Amino acid sequence: MAALHGQQNTLTLPRSVEREMSRHMHLSLPQEACGVVLGESAAGGIRISRFQPIRNVAPDPLHHFSLDQSEWIQCLFSDVTIVGVFHTHPCSLPIPSQEDLQALPNFAGLIHTYLIGAPDLSVSAPEDFESPMLLNAYQIISNEEQEPSGASFPLHPYSLIPLTLRMT
Ligand SMILES: [Zn+2]
């Protein structure tokens, strides 16, 4: 994982995997959906090869997500490389919430890529599983590794920096 860390990367996502993520999002509505993306490091970045849905066990799944621990642990110990965590915002844009930033320490030691999807509410039929998904990708960066920025202390231990997402 060290090679994936600390540099600006491009994330390559096959359309077929993106469609699986979108379908899982639509099937989970109105709740938040979550899961992990699996893949490998490739020239100039990371290539996603698979999406693994994980059950959202948050007490309030309409507004929060929490990965089912046994499914998450099963992924960690299986013979695949988890490159990112994915969740959705059913009613808002796919940009990190304050709560998302606060929860980053749960993942930051293990993965460096963070994906947020959302239904495209400008589309007339959000219940259509084939309708498009808005998707943003971010790199998880430790604020302690950043250049000291004067007197201000970072609000959160980790930040999210936008990644270039390339669909293939
Ligand atoms: Zn979120």
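With Cα atoms as the point set, the chain shows a radius of gyration and Dmax of 15.6, 50 Å.
Taking the longest Cα principal axis of the chain as reference, the axis of helix 15-28 is set at about 70 degrees. A DSSP coil position with no more than 11 other Cβ atoms inside 10 Å describes the following chymotrypsin sites (Phe, Trp or Tyr not before Pro) in the stretch 1-91: 77. Net charge dipole, the stretch 2-167: roughly 380 debye, given to the nearest 20, about the Cα centre with Cβ charges of +1 for Lys and Arg and -1 for Asp and Glu. Based on DSSP H segments of at least four residues, each scored -39500 (n - 2.57), the chain has a per-residue ellipticity at 222 nm of -5000 deg cm²/dmol. Toward the positive end of the charge dipole of the chain, with +1 on the Cβ of Lys and Arg and -1 on the Cβ of Asp and Glu, the farthest Cα among 114, 30, 69 is that of 114.
Using a probe radius of 1.4 angstrom, the carbon and sulfur fraction of the accessible surface of the chain is 54%.
Just checking the listed ones, 32, 144, 20: in the Gaussian network model of the chain with Cα springs under 10 Å, the one fluctuating most is 144. Percent antiparallel among DSSP beta bridges with both residues in the chain, to the nearest 5? Roughly 70 percent of the beta bridges in the chain run antiparallel, per DSSP.
The values are calculated or read from the model by the stated rules, or taken from the named source; none is laboratory data. What you see is a predicted model; the values in this text were computed from it and never measured. Quick reminder, even Gly has a Cβ in these numbers, built from the backbone with ideal geometry, and neighbours come from all protein chains shown. Ligands, DNA and RNA are stripped out before the accessible areas are found, and what is left, the full protein with its side chains, is counted by its heavy atoms. Shrake-Rupley method; radii C 1.70, N 1.55, O 1.52, S 1.80 Å.
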